[in-house]
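Trainee: If you scroll down you'll find the structure; I have some questions about it.
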Amino acid sequence: MEKIFENLNEEQRKAVETIDGPLLILAGAGSGKTTTIVSRLAYLIDYIGIPANSTLTLTFTNKAAKEMRDRALSMISGDTYPPLLCTFHKFGLLFLKFNIHLLGRENNFVVIDTDDKKKILKKINSELPLQLLSSEISRYKNSLITPDEAYKQAEFFNYQQIAKVYEEYEKYLKENNLVDFDDLLALTYKILEENPRLAEETSSRYRYIMVDEYQDTNELQLMLLKKLCTTHKNLCVVGDDDQSIYGWRGAHIRNIIEFDQDFCDAKIVKLQKNYRSTNQILKVANTLINHNRGRLGKELESTRGDGEEILVMSSSDENEEARKIARHIQKLTDNGVRHSDIAILYRVNVLSRSLEEGLGRAGINYKLVGGLRFYDRAEIKDLVSYLRVMVNVHDDFSLKRIINKPKRGIGKASVEKIELAAHQKGLSIFEYLQSSSVAELEALVKKKNTATLKRFVEDVLYVAQTAKRSMYDFIDELEETFHLKDIYKNTPDEVEKTLNIDEFYGLFRDFVKNNPEAELIEFLNDISLQSDQDEVEGESIFMMSIHAAKGLEFRHVFVVGLEEGFLPITGEGSDLEEERRLGYVAFTRAKDTLTLSHASSRFYKGRRSELEKSRFINEAGLCEGSLKVEKSASFKKGDLVRHKVFGAGRVIGVAKSGKDYKLSINFGGTKRDILSSFVEKL
């Protein structure tokens, strides 16, 4: 008992000792949630006497599962059967090994990875964008939508095609006894849904269930948990609604917000003591996130004292920003701070390019985490290959990379035939395409592709000539001729890829502006020096997206790109509350110091754009009156409210009514329309 409770505060202890019924542990950033989970598991097994094999603890990464298992076992005395502590998908795998026969399939199935999945999809249909196919089929499976249902729902022709591919893909998997990553949960749920007795047996086996990072669960995971709780309600979930940042990946914040509706009589314990950050850091994080209305509400309190004030750094552009950050980092390291205690975070990866160059010039080692270096990204390599062919049409390596980008119907087999024919004549591929007759080419590729290749040759020569006439016009001519952005149209990462291409175009224009007499080869040589840096070894600064930083902590954190359009991302399809949660996650990674950086202008979509400082700086209480904050209704759908007669209820509709708002409110199953001035928000 002493070992379990020795490092727990009052609220953590309360969470550990709450055993029966549904429990939500609302654990703020840095509040010791992992300590609480593993202590609760050890308490169940070592003190209450629950058999280890009656517990099930689910998380999202193998790394987290291993750490939690090791820590829990270190608290448990004597030899104990190890509890099942694994990821959702590992649980699904184990379940299917024993039960997939109920679907008429063999249990010697093979789990395919993402690359395998894409290869199968490419065989079925090589015309539709592969990333779009893969992500849509994943979405269908996580929403339990069958191929037939997907086809019925499809409003546009390309989605009817996707549904058809989905049908053929499913058929292929079954015929070859394969399951993909999404099947591990979708098929597990299907079996439990179709076999109520098995659902009861499984629920009876795992009588105490815990789930880590509950804010990251999707609809299917919630439905699966309900099946696992068929015979009991002993479900403890741990999470932070303020750190729900994976909506784009299917995670649903309503799972944690409405936990008490999904699991009746739920208790809530809030962990609000923060052991990571100083009060100054938590003050701006708390102030920012309080602007969100779709949250349960908590206030982090530091155990570490005030600390240094937050630094807001203004720069004229991204290059000045990179220089300033490099100088700040140099001061820190000169004062004995380890490189690995410093992180630079950003909302979109495109911002890494200027930072990479700035740190490189200053001789500061850095590592990109969870992403490729700017010049190593596929879309940038494609662009560089186009430029190399413009400089040297005999560059077969670069030409092979771009000959079918965008798609021209020239597959790998056709390229190999052309390359062999060219080499037999002692010519480069480009020379062969240029000099060969239509009849010669038609013997190697389809007739319609012969004209396409001839046009490709003409376009390359035309754009290459443009570079000799006007370097500044060259980059526009390149895009207008080859439409390279169209490669990523209707793909899930279209915005990110297009931003990177525009960043490259802007970088090129900036080079031409600063070197008006330079030629294309000089630009290529300039960027090759930056992309071919030696492998970074030893201590280094970490640079990463905010998404990649979740769960990590650093003594000194720089958050860059605090401008409207970058953090927050704005416009159609953006979720301002999730953007604000991203800001909150970024701020709370810092232990000792937090620097927030914004620039007056950046290269954006191929042009230098004037930018407005992020509203989040204002909302965090770091400046006054510098921004116009969007006005919005004080109530929204999903808000919890209290009426003096009807009690607590949830807003299910909002309509303007003069100077007030008419709220449709669900009071425990009874719907009433009430003016907002007669209720208070919970």
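The values are calculated or read from the model by the stated rules, or taken from the named source; none is laboratory data. Every value quoted in this text rests on a predicted model; they were computed, and no experiment measured them. No Cβ is skipped: glycine too gets one built from the backbone with ideal geometry, and neighbour counts run over all protein chains shown. Note: accessible area is taken over every heavy atom of the protein model, side chains too, but ligands, DNA and RNA are not part of it. Shrake-Rupley method; radii C 1.70, N 1.55, O 1.52, S 1.80 Å.
Trainee: Viscosity 1.306 mPa s, temperature 10 °C: Stokes-Einstein D of segment 159-206 from its Kirkwood Cα radius, in µm² per second?
Mentor: 127 µm²/s
Trainee: Continuing with this model, one more query. Lys and Arg at +1, Asp and Glu at -1: add these up for the other residues within a Cβ distance under 15 Å of Lys454 and post the number.
Mentor: Overall, the nearby charge balance is 0.
Trainee: How many angstrom separate the Cα center of segment 4-44 from the Cα center of segment 152-222?
Mentor: Spelled out, the Cα-based centre of one part sits 31 Å from the other.
Trainee: Please report, as a whole percent, how much of the solvent-accessible surface of the chain comes from carbon and sulfur atoms (probe radius 1.4 Å).
Mentor: 48 percent
Trainee: What aspartates and glutamates sit close enough to Lys681 to cross-link, taking a C-alpha to C-alpha distance under 14 Å and skipping anything fewer than 8 places away on the same chain?
Mentor: In chain and number order, the partners are Asp639.
Trainee: Assign unit charges at the C-beta atoms only (+1 for Lys and Arg, -1 for Asp and Glu), then state the dipole size of the chain relative to its Cα centre in Debye, rounded to the nearest 20.
Mentor: Computed charge dipole of the chain: roughly 1480 debye.
Trainee: At 1.4 Å probe size, with every protein chain present, just tell me what the per residue accessible area of segment 103-173 comes to in Å².
Mentor: 59 Å²
Trainee: Return one number: the angle in degrees, 0 to 90 and rounded to the nearest 10, between the long axis of the Cα atoms of helix 279-289 and the longest principal axis of the Cα atoms of the chain.
Mentor: Here the helix axis deviates by roughly 80 degrees.
Trainee: Let me understand segment 390-431 better: what is its radius of gyration from the alpha carbons, and its Dmax, in angstrom?
Mentor: 10.1, 28
Trainee: If I model segment 1-111 as equal point scatterers sitting on the Cα atoms and use the Debye formula, what is log10 I(q)/I(0) at q = 0.11, 0.19, 0.22 Å⁻¹?
Mentor: -0.42, -1.01, -1.25
Trainee: Related question: Based on alpha-carbon positions alone, could you give the equivalent ellipsoid semi-axes of segment 310-367 from the gyration tensor, as √(5λ), descending, whole Å?
Mentor: Sorted largest first and rounded, they come to 18, 13, 12 Å.
Trainee: Let me ask something additional. Once the piece of chain linking Asp476 and Gln272 is laid out straight, how much longer is it, given 0.36 nm per residue of separation minus the C-alpha distance between them?
Mentor: 68.1 nm
Trainee: With +1 assigned to the C-beta of every Lys and Arg and -1 to the C-beta of every Asp and Glu, and no other charges, what is the dipole magnitude of segment 154-300 about the Cα centre in debye, to the nearest 20?
Mentor: Rounded to the nearest 20 debye, it is 760 debye.
Trainee: Could you provide, to the nearest whole Å², the per residue accessible area of segment 243-340 with probe 1.4 Å?
Mentor: 50 Å²
Trainee: Viscosity 1.306 mPa s, temperature 10 °C: what is the translational diffusion coefficient of the chain from Stokes-Einstein with a Kirkwood Rh over Cα pairs, rounded to a whole number of µm²/s?
Mentor: Result for D is 56 µm²/s.
Trainee: A further question follows. Where does segment 57-159 land on the Kirkwood hydrodynamic radius, alpha-carbon pairs, in angstrom?
Mentor: It works out to 17.2 Å.
Trainee: What whole-number distance in Å separates the alpha-carbon centres of segment 343-383 and segment 481-522?
Mentor: What the calculation gives is 16 Å, centre to centre.
Trainee: Continuing with the same structure: Given Thr230, Ser316, Phe98, which one lies farthest toward the positive end of the charge dipole of the chain, if we put +1 on the Cβ of every Lys and Arg and -1 on the Cβ of every Asp and Glu?
Mentor: So the residue furthest toward the plus end is Thr230.
Trainee: So, one more: Counting residues in segment 304-459 as N, plug N into 2.2 N^0.38 Å and put the Cα Rg over that result.
Mentor: The reported ratio for this selection is 1.61.
Trainee: Shifting gears a bit: For the pairs Lys122/Lys446; Lys141/Lys164; Lys267/Lys671; Lys497/Lys613; Lys233/Lys273, flag any whose C-alpha to C-alpha distance is greater than 18 Å.
Mentor: Flagged as over cut-off: Lys122/Lys446; Lys267/Lys671; Lys497/Lys613; Lys233/Lys273.
Trainee: How much accessible area per residue does segment 7-70 have, counting only protein heavy atoms and a probe of 1.4 Å, in square angstrom?
Mentor: With the other protein chains kept in place, segment 7-70 gives 38 Å² per residue.
Trainee: Rg and Dmax of segment 388-504 over Cα atoms: what are they, in angstrom?
Mentor: 15.1, 43
Trainee: Give me the log10 of I(q) over I(0) for segment 277-316 at q = 0.14 Å⁻¹, as the Debye formula computes it from C-alpha points; what are the numbers?
Mentor: -0.39
Trainee: Now for a separate question. How much of the pair distance distribution for segment 137-234 lies past 15 Å, counting alpha-carbon pairs only, in percent?
Mentor: Looking at segment 137-234, the distances longer than 15 Å represent 67 percent of pairs.
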